[in-house]
Amino acid sequence: MIDVEEASFRIDHLNYCLWRSSATDVGHRVDLTPKAFDVLRYLVENSGRLVIHEELLEAVWRDVHVQPEVLKSHILALRNALGDKSSSPRFIETHRGRGYRFIGTMDTLADLPNLPPAVLDLGVFAGRAAAVRELSALFQRVVSGQPWALFISGESGVGKTTLIEQFLSQARCHPDLAMAQGHCIEGFAGAEPYYPILGALRGLCDGVDRAKVVRALSELAPSWAVQMPEQVSTGPRTASRQPASADLRSGMVREACNLFEMLAADRPLVLVLEDLHWADFATIDFMSAVCRRRSSARLMLIGTYRPEDLDTARHPLKQLTHDLALRRVCSEMELAPLSAAAVSELLNGNAEDEPVSSEFTEIIMERTGGNPLFMRVTLDYLVERGDVSRRAHGWRPLVPLNKLASETPPTLARLIEAKIEAMTDVQRRLFEAASVAGLRFDPATTARAAGLDEESFEAICEDFSRNATIIRRDQLVVLPDGDLVRAYSFNHAIYRQVLYDRLGHSRRTHLHRAIAQRIEEIYRPDQRTSVAVRLAQRSACPRVICSV
Ligand SMILES: Nc1ncnc2c1ncn2[C@@H]1O[C@H](COP(=O)(O)OP(=O)(O)OP(=O)(O)O)[C@@H](O)[C@H]1O
Ligand SMILES: [Mg+2]
């Protein structure tokens, strides 16, 4: 049973649950049945007053006649959830034969400022329970006075922001939580030093602690204050304390460290910096400095980035995370696409009566590779086409599965086109040839069609696989002469499809021929069909093997 002396609870009207926190447990969700929740809600709303049985029954079971005994089982469930005892109650007092009185204190989550509830475009949040637990465990360490940085990486749309929102919606049951958020923006942020940090500070200035933050800015970070005239009115005294320009950068970093440490001294502060692949170098300097200082500030820095958008392996963010990990002041979380089980959970929604078919799950999994953004766009497109319905509980096909529209949704195609446009000519040639080979391809059969030797082909594939961008490493393949080659796979059928669809007719025919010719050179006639099938395996495009 829970230690009733320690635990405190918040009632969450959005999620129909309670959040329990104690010295050792920040943000544990306590689920209740809908009726038990309604009973509790009514008692809490009428806190301190005796609520008689009839009134409670009328409030919770409006038009249904139920016996007062029913209440007993719900009160028992609530007592178990709250760790309460009828003999010495801390929350619910029983008045035998008459009713109940709520005598405890319980805050409402929705009352907390600054944190809008996370909106889930796909309906439910799936597949990230372990990641949320990891974040909560790190937060727990931070609350106990060990500052920490966590860098969450993953491809676009994999769910980095959503994961943080879900974690924060749990962490917000910590009574003193403060949070600040800054975004890097493509092109622009790189040009303006400290862009996301300034954004986070402006957010803090608009929050409930406005007076404290503004005062701290003026006193501890004058060179920041002068950059925020709308939030902080700086007098001549502050302006004159601005460091000379040669020292400006190190001075600003030092001031920002002092400022954030002060703000996180007496309450936990979560500083979220999003899309750091676009961060300016001054922001990286700040992160480096704040993470290296040995303070006991309750500061949790969470950064997100897309590995595919770090221009080179020498990007300072990579060096920073590597260095901080060695010093044991940060950890990294690589967010993979959702598993088939999570995709099925999302499609199912909360429905228990009519589970979604495994074939439908497989189709969506194959098309989107478990990327939630791709799922959302694909499902919205299928809904628009009338092929799929969105219900209160999940998504269901309206047409036979072989009739589901198979073209790539235009918004997704544009997103992928932009990635393709950003490639060098050589990289683009490689992926075009690969799209003809199938979802899975290898250098032996495909390099020549791409106009590359096998080593260069493999080197480019290795580069892309390292960042899980577009493709990933697949198995080793044994060639008839005994040589081994590494195969690679597209992360999503959609990537291959867009690359394939944008090929002109003659280039497509040329690539088909070149790959078929190479297969003929490498494999005996009796092996060719199986090779072609293997290459095209899981491919949405059987045309690939026609020319062999
Ligand atoms: N675990 C999940 N369960 C349900 N929906 C999810 C999940 N993760 C993400 N989504 C949905 O997928 C979409 C993309 O998610 P999100 O914006 O978090 O991705 P991201 O990794 O931050 O992308 P970017 O790199 O572009 O910022 C959103 O519509 C979000 O609601
Ligand atoms: Mg994001």
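Here is the figure for segment 255-286: residues that are under 13 Å from residue 142 (Cβ atoms), out of contact with any strand residue (DSSP E or B) (no Cβ under 6 Å at 6 or more places or on another chain) and part of a loop (DSSP other than H, G, I, E, B) total 2. Of the helices (runs of 4 or more DSSP H) lying entirely inside segment 119-194, those carrying at least 2 residues that are in the same structural domain as residue 221 (by TED's automatic domain parsing) and of a type in the set (Ser, Thr, Tyr) are 160-171. Does segment 88-103 contain at least one residue that is modelled with pLDDT of 90 or more, of a type in the set (A, V, I, L, M), touching an Asp or Glu at 6+ places or on another chain (Cβ under 8 Å) and more than 16 Å from ligand 2 (Cβ to nearest atom)? Within segment 88-103, one or more residues are modelled with pLDDT of 90 or more, of a type in the set (A, V, I, L, M), touching an Asp or Glu at 6+ places or on another chain (Cβ under 8 Å) and more than 16 Å from ligand 2 (Cβ to nearest atom).
Would you confirm whether or not segment 402-417 contains a residue that is touching a Cys at 6+ places or on another chain (Cβ under 9 Å) and closer than 27 Å to residue 307 by Cα? Full working, then the answer.
Start the filter on segment 402-417 by keeping residues that are touching a Cys at 6+ places or on another chain (Cβ under 9 Å), which leaves none.
Taking every residue of segment 402-417 in turn, none turns out to be touching a Cys at 6+ places or on another chain (Cβ under 9 Å) and closer than 27 Å to residue 307 by Cα.
Filter segment 161-217 for residues that are of a type in the set (S, T, N, Q) and more than 23 Å from the chain's Cα centre (by Cα) and give the result.
The first filter runs over segment 161-217 and keeps only residues of a type in the set (S, T, N, Q), leaving 161-162, 166, 169-170, 181.
Within segment 161-217, none qualify.
Taken together, the residues in segment 154-178 that are more than 11 Å from ligand 2 (Cβ to nearest atom) and of a type outside the set (D, E, K, R) amount to 11.
Taken as a whole, the condition of being touching a residue at least 40 places away in the same chain (Cβ under 8 Å), on the phi < 0 side of the Ramachandran plot and either open to solvent by less than 60 Å² (accessible area, probe 1.4 Å) or acidic (Asp, Glu) (or both) applies to residue 433. In summary, residue 336 fulfils each of the numbered conditions (1) at pLDDT 90 or above; (2) open to solvent by less than 30 Å² (accessible area, probe 1.4 Å); (3) of a type outside the set (S, T, N, Q); (4) within 16 Å of ligand 2 (Cβ to nearest atom) with the single exception of condition (2).
Filter segment 156-208 down to the residues that are more than 16 Å from ligand 1 (Cβ to nearest atom) and at positive phi and list them by number. The one that is more than 16 Å from ligand 1 (Cβ to nearest atom) and at positive phi: 194. When segment 314-365 is examined, which residues are found to be within 29 Å of residue 142 (Cβ to Cβ) and among the β-branched types (Val, Ile, Thr)? If the condition is that a residue be within 29 Å of residue 142 (Cβ to Cβ) and among the β-branched types (Val, Ile, Thr), then 321, 329 are the ones that fit. When we screen 39, 70, 44 for residues that are surrounded by 13 or more Cβ atoms within 10 Å (Cβ to Cβ) and more than 37 Å from the chain's Cα centre (by Cα), the only hit is 70.
Within segment 436-472, being crowded, with 17+ Cβ neighbours inside 10 Å, of a type in the set (Gly, Ala, Ser) and not in a helix (DSSP H, G or I) holds for 438, 447, 449, 450, 468. If you check every pair at least six apart or on different chains, which have Cβ atoms under 8 Å apart with a residue in segment 330-346 that is free of Cβ contacts under 8 Å to residues at least 60 places away in the same chain first and a residue that is open to solvent by 10 Å² or more (accessible area, probe 1.4 Å) second? Within 8 Å, the pairs are 340/361; 340/362; 340/365; 344/356; 344/358; 344/361. Selection of first residues in segment 156-179 that are touching a residue at least 12 places away in the same chain (Cβ under 8 Å) and of second residues that are among the hydroxyl-bearing types (Ser, Thr, Tyr) and within 8 Å of ligand 1 (Cβ to nearest atom), restricted to Cβ pairs under 8 Å at least 6 apart or on distinct chains, gives the following pairs, ordered by first then second residue: 160/304; 161/304; 164/304.
Conditions (1) more than 24 Å from residue 10 (Cβ to Cβ); (2) open to solvent by 50 Å² or more (accessible area, probe 1.4 Å), marked per residue:
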residue: 63; (1), (2): yes, yes
residue: 75; (1), (2): no, no
residue: 80; (1), (2): no, yes
residue: 84; (1), (2): no, no
residue: 89; (1), (2): no, no
residue: 106; (1), (2): no, no
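If the condition is being buried (at least 19 other Cβ atoms within 10 Å of the Cβ), in contact with a helix residue (DSSP H, G or I) (Cβ under 7 Å, 6 or more places away or on another chain) and outside any strand (DSSP E or B), then segment 373-415 contributes 374, 375, 377, 378, 394, 408, 409, 412.
The values are calculated or read from the model by the stated rules, or taken from the named source; none is laboratory data. The model shown is predicted, which means the values in this text are computed figures rather than measured ones. Cβ: placed from backbone, ideal geometry, glycine included. Neighbour counts: every protein chain shown. What goes into the accessible areas is simple: the full protein's heavy atoms, side chains included, and nothing from ligands, DNA or RNA. Shrake-Rupley method; radii C 1.70, N 1.55, O 1.52, S 1.80 Å.
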